[in-house]
Amino acid sequence: LVPGKKVAVVSNDAIWGIYGKTVMVSLEKAGFAVHYMAVPAGEKAKNMASVEKLCEELVDASFDRQCAVLALGGGVVGDLAGFVAAVYMRGIHFIQVPTSLLAQVDSSVGGKVAVNLLSGKNLVGAFYQPKLVLIDLDVLSTLPPREFTCGLAEVIKYGIIRDAEFFEYLENHHREIQQKQPDAMLHIVKRSCQIKAEVVEYDEKEGGLRAILNFGHTFAHVIELMAGYGKITHGEAVASGMLYAARLSNKMGLCDASTVKRIDDILKKNNLPRKFDFGGNEGVLKLFYRDKKVENATLKFILTEYIGSVTISEKVLEGRLVDLLLQDVM
Ligand SMILES: NC(=O)c1ccc[n+]([C@@H]2O[C@H](COP(=O)([O-])OP(=O)(O)OC[C@H]3O[C@@H](n4cnc5c(N)ncnc54)[C@H](O)[C@@H]3O)[C@@H](O)[C@H]2O)c1
């Protein structure tokens, strides 16, 4: 990335309104020419129409391969801007400046970029690593509280899948975290990024291990589908999804009841949801077969053995799953 070249900052007007000037001034000071490219706020921006529009804008502004795209925003902006960077002229430099907690601990790390089709989320995408991920914890001060809580669900997930000590830290410091105390925030964001990076380094293209990052997500995708996208946030769906995954693990004799209780308690402490009304009928089962992990009509679940360890299981019986889902219709 050469000073003197152009940087296209992709963001939405709300985020640009708060942080645009700071980003622009610091880039200009470093010798870059800044071009702001606005996208609408929210998931609706993540589609092929936006990709085409942004690429046309890059052509109009004479962007070449030595220029860069910088994503300033949450996971939506990051996924969309990253996909544009991956395909424009077969790939130009890409930088992530994530502003939501979810984007800081999850979507900005690992190189998955994508947009949605009408038929489903993230169906068109690429593995495209950013040249730099720059995280400034101060931006979390303006993040809406519900978005902050959603990000915490993914942070808790890292403890469950990979690091019991980290999970214990989250149990013992939930007040400091809720108050966004700088030391606590630095620790949880840093450790989350480390865990994600470790897993992705080992398995970038999701041949095996990377699937453990989907702990709770099989349930979450069904919850999002049933609730209707936008009604319930992804993080909220992941929270209850993780508890269902833990309860399923317990039903299968993989983990003991105290593991389930610790997950239940930590979600409660962080005001995250722990249940979903799957509607009391067996029709819900077919929604589980839409999961990307389904191969040869076999359901695959990420299950926990104990806090800090998960395993991929193909042995979940449909009956057991239905029992679990119908057990606690609210
Ligand atoms: N690529 C990956 O590996 C990966 C992983 C997880 C999720 N995702 C994707 O991430 C997206 C969700 O990301 P998200 O939860 O960040 O949602 P988001 O990008 O929609 O951001 C949530 C809201 O918060 C606002 N916002 C963000 N930062 C702010 C700040 N500092 N101050 C004020 N407002 C701020 C945004 O404008 C938006 O309205 C989904 O599309 C999902 O598919 C991708």
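The values are calculated or read from the model by the stated rules, or taken from the named source; none is laboratory data. Note that the structure is predicted; figures quoted are calculated from it, not measured. Here Cβ is always computed from backbone atoms with ideal geometry, including for glycine, and neighbour counts include all displayed protein chains. Quick note on the areas: whole protein, heavy atoms, side chains included, nothing else; ligands and nucleic acids left out. Shrake-Rupley method; radii C 1.70, N 1.55, O 1.52, S 1.80 Å.
Per-structure values
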{"quantity": "Failed criterion for LEU324 (all others in (1) assigned to a loop (DSSP other than H, G, I, E, B); (2) of a type outside the set (Ser, Thr, Tyr); (3) touching a residue at least 12 places away in the same chain (Cβ under 8 Å); (4) within 26 Å of LEU152 (Cβ to Cβ) hold)", "calculated": "(1)"}
{"quantity": "Residue in region 302-319 that is within 26 Å of LEU101 (Cβ to Cβ), open to solvent by 10 Å² or more (accessible area, probe 1.4 Å), touching a residue at least 40 places away in the same chain (Cβ under 8 Å) and of a type in the set (Asp, Glu) present", "calculated": "no"}
{"quantity": "Residue pairs meeting the criteria (Cβ under 7 Å; at least 6 apart or on separate chains; first among the hydroxyl-bearing types (Ser, Thr, Tyr), in region 103-124; second within 8 Å of the ligand (Cβ to nearest atom) and assigned to a helix (DSSP H, G or I))", "calculated": "SER107/GLY75; SER107/GLY78; SER107/ASP79; SER108/GLY78"}
{"quantity": "So ASP183, is it surrounded by fewer than 16 Cβ atoms within 10 Å (Cβ to Cβ), of a type in the set (Asp, Glu) and closer than 27 Å to LYS300 by Cα", "calculated": "no"}
{"quantity": "Sole exception among (1) within 14 Å of the ligand (Cβ to nearest atom); (2) surrounded by fewer than 17 Cβ atoms within 10 Å (Cβ to Cβ) for THR149, by number", "calculated": "(2)"}
{"quantity": "Qualifying residues in region 200-238 (those that are of a type in the set (Ser, Thr, Tyr) and open to solvent by 20 Å² or more (accessible area, probe 1.4 Å)) - the one nearest to GLY279 (Cα to Cα)", "calculated": "TYR229"}
{"quantity": "Pair list, Cβ < 7 Å and 6+ apart or interchain, from region 125-149 residues that are of a type in the set (S, T, N, Q) to residues that are open to solvent by 80 Å² or more (accessible area, probe 1.4 Å) and part of a loop (DSSP other than H, G, I, E, B)", "calculated": "THR149/ASN271"}
{"quantity": "Qualifying residues in region 78-105 (those that are more than 10 Å from the ligand (Cβ to nearest atom) and in a loop (DSSP other than H, G, I, E, B)) - the one surrounded by the fewest Cβ atoms within 10 Å (Cβ to Cβ)", "calculated": "GLY91"}
{"quantity": "So VAL139, is it over 29 Å from ARG247 (Cα atoms), assigned to a helix (DSSP H, G or I), within 11 Å of the ligand (Cβ to nearest atom) and open to solvent by less than 50 Å² (accessible area, probe 1.4 Å)", "calculated": "yes"}
{"quantity": "Residue match in region 191-203 (condition: of a type in the set (Asp, Glu) and modelled with pLDDT of 90 or more)", "calculated": "yes"}
{"quantity": "SER108 vs. criteria within 15 Å of the ligand (Cβ to nearest atom), at pLDDT 95 or above, polar (S, T, N, Q) and open to solvent by less than 10 Å² (accessible area, probe 1.4 Å)", "calculated": "yes"}
{"quantity": "Hits in region 8-66 - residues which are touching a helix residue (DSSP H, G or I) at 6+ places or on another chain (Cβ under 8 Å), assigned to a helix (DSSP H, G or I), of a type in the set (Val, Ile, Thr) and under 30 Å from LEU123 (Cβ atoms)", "calculated": "ILE15, VAL51"}
{"quantity": "Residues of region 3-26 that turn out to be free of Cβ contacts under 8 Å to residues at least 24 places away in the same chain and more than 16 Å from the ligand (Cβ to nearest atom), as a count", "calculated": "3"}
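Residues checked against (1) open to solvent by 20 Å² or more (accessible area, probe 1.4 Å); (2) in contact with a Leu (Cβ under 8 Å, 6 or more places away or on another chain); (3) not hydroxyl-bearing (Ser, Thr, Tyr):
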residue: GLY4; (1), (2), (3): yes, no, yes
residue: VAL10; (1), (2), (3): no, yes, yes
residue: ILE18; (1), (2), (3): yes, no, yes
residue: VAL23; (1), (2), (3): yes, yes, yes
residue: GLY31; (1), (2), (3): yes, no, yes
residue: ALA49; (1), (2), (3): yes, no, yes
residue: ASP60; (1), (2), (3): yes, no, yes
residue: LEU72; (1), (2), (3): no, no, yes
residue: VAL76; (1), (2), (3): yes, no, yes
